[in-house]
Structure formats: C-alpha cells, structure tokens
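Below is one structure, written out as structure tokens; comments come after it.
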C-alpha cells in the first residue's frame, strides 16, 4: 500500500507518494517488474487545474531521458512534460483519451500516463529525486505560489 | 409549460473568478434570454444556498438543468439538497472536450472561444429544455 508525505499550504493539501522517484517537473516514475510506470504528482495536478485533454506519445515511441512525453491542457495552461526514463513506451493509459480527469482524481493511481520499458533505469534513476527531496522542493514551490495569492 | 412556474429551471455555477464558472453563467443567460425565453427560467445558485423559499419551490416543482463549472458540482448538489431532481447536468469541462476549438479564456469577460463555447453549451441545453417541455406537455 502506497504511503504518502503530506503538507498543507494555505487551504490546499499536497501529497507525495513515497514509493517512486520524481523529476524536476513533478513527473513520477515507479519501477514495476522491470518496467517504469509514470504519472504526474498531486502538486502538479492541483496547480495545473482540471485536465481537459492529455496527449501522450504513442506505444512504440522511443524516448531519451528529458524528451517530451506528454502534453496536458487545462483551463489554465498547456504544459509539456518530459520523460524520466530512456526507453520505449509499451503502454499508454487508455483513460487519457476519454477521461483524463483521472489525473486530477487519482494522480498516483488510476491517473497514470504511460509505462516505459527502460533502457537503463539504474542510470536514469540517479538523475531523479527521491520522495523526500521532491517533497521539500514541492513544498518550497507551493509556499511561493501561496505568497502570490 | 407556458406558466412561469412550469418553465424548465436552469441553475448555473455561481463561481466567481473562474473561467468555467463564467462560461456556465453566460450559457444560462444565452439560454433563458435568447434561445428559450418562453420555456426556461434561471434560478441563481446563491438563492438556493440562502434557502430562498421561491427558489427552492422552483427546483422542487419543475424539471431542472444544472450547469456546473467544475468537478465540485455545486449547482447539482445544491439542487438535490433543495429537494429538486436534476433532469440533466452539464459540466463545462465535458462540453469543452466536445468543442476543443472553443478554448475559453477570461473571467469577467470571455474571449471569443469562451463565448462560442457558452453558445454551444446553451444550444445543447436548449435541446434538453425542448425535450423536458414536450414531456411536461404530454404528462398534462
């Protein structure tokens, strides 16, 4: 069962799942039997707003760490996210076509974006943040956002 | 359905400062002022929140369409809590997914995309108003 780090900023509560790694944009990456499932953090989905559309690179696409892998469109913004792993996309969440709001409803679970077959996950992982480091970064960003309110 | 209290009730989102909330209200105004003034009436969500007797009676006695600006679905929930039955609920986000070419922006004043989205939403709701009106007439 996934455990979370949690913090409150203003009226918002943000959670960070502790069983995965994160890139600087808030894309999480979780190793599962040699594959890497990816998605967006709770902070990213709350800050971005309700997702209207999510476009993910298709199954079979080859990516290098840092390549664009997904674009989401919300009422507020269009944001491109980069891949936290080098490899090939082997699965895309079908919910992203009909019900991309899954990103908002369950960012660490049903709202996952894609599964990547990594070329060298061990090498990629050292460039990602562990949950505590991302939590600290996220909290700093959230505090800065709150000051703008 | 020509009596005022028998008109289909439209309850839009009351969210201020959000684009989707503005789209919901603009769609409601378009519907009751331009498209179906004879068969649709607006009940402000704020009156339901305040427990206004006339507003509660309207949603309790007439078929009601809600237009929610976000997933909180305040309009739908408040109609239900006021004793009304929601005949059809629209969510602006879902409507936008059907009309991606109309990207809404702006808050106090919508951009052209927002106005077009509100119009498209109003037209969809007008079809529901017609259906509910016809059903009301059939049921006497």
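The values are calculated or read from the model by the stated rules, or taken from the named source; none is laboratory data. All figures in this text were calculated on a predicted structure; none of them were measured in a lab. All Cβ positions, even for glycine, are placed from backbone atoms using ideal geometry, and neighbour counts span all protein chains on display.
Observations on the model:
- Residues that are closer than 18 Å to residue B:85 by Cβ and either surrounded by 24 or more Cβ atoms within 10 Å (Cβ to Cβ) or within 14 Å of another protein chain (Cβ to nearest Cβ) (or both), drawn from segment B:1-35: B:7, B:8, B:9, B:10, B:11, B:12
- Set side by side, the residues B:53, B:60, B:87, B:134 differ, and just one is out of contact with any helix residue (DSSP H, G or I) (no Cβ under 6 Å at 6 or more places or on another chain), within 11 Å of residue B:9 (Cβ to Cβ) and away from chain A (no Cβ under 14 Å), which is B:60.
- Qualifying position, being on the phi < 0 side of the Ramachandran plot, in contact with a helix residue (DSSP H, G or I) (Cβ under 9 Å, 6 or more places away or on another chain) and part of a helix (DSSP H, G or I), among B:110, B:93: B:93
- Scanning segment B:112-140 for residues that are over 18 Å from the mean Cα position of the chain (by Cα) and farther than 14 Å from residue B:27 by Cα, we see that the one that is surrounded by the fewest Cβ atoms within 10 Å (Cβ to Cβ) is B:140.
- Taken together, B:24, B:2, B:46, B:14 contain a single residue that is under 15 Å from the mean Cα position of the chain (by Cα), at pLDDT below 95 and not in a strand (DSSP E or B), which is B:14.
- The residue that is farthest from the other protein chains (Cβ to nearest Cβ), among those in segment A:74-85 that are touching a residue at least 12 places away in the same chain (Cβ under 8 Å) and surrounded by fewer than 20 Cβ atoms within 10 Å (Cβ to Cβ), is A:82.
- Enumeration of residues in segment B:82-96 that are out of contact with any strand residue (DSSP E or B) (no Cβ under 6 Å at 6 or more places or on another chain) and without any contact (Cβ under 8 Å) to a residue 24 or more places away in the chain: B:85, B:94
- When residue B:38 is tested against (1) within 14 Å of another protein chain (Cβ to nearest Cβ); (2) closer than 16 Å to residue B:125 by Cβ; (3) part of a loop (DSSP other than H, G, I, E, B); (4) touching a residue at least 24 places away in the same chain (Cβ under 8 Å), just one condition goes unmet, and that condition is (1).
- Matching residues in segment A:89-116 - criterion: being away from every other protein chain (no Cβ under 14 Å) and surrounded by fewer than 16 Cβ atoms within 10 Å (Cβ to Cβ): A:90, A:91, A:94, A:109, A:110
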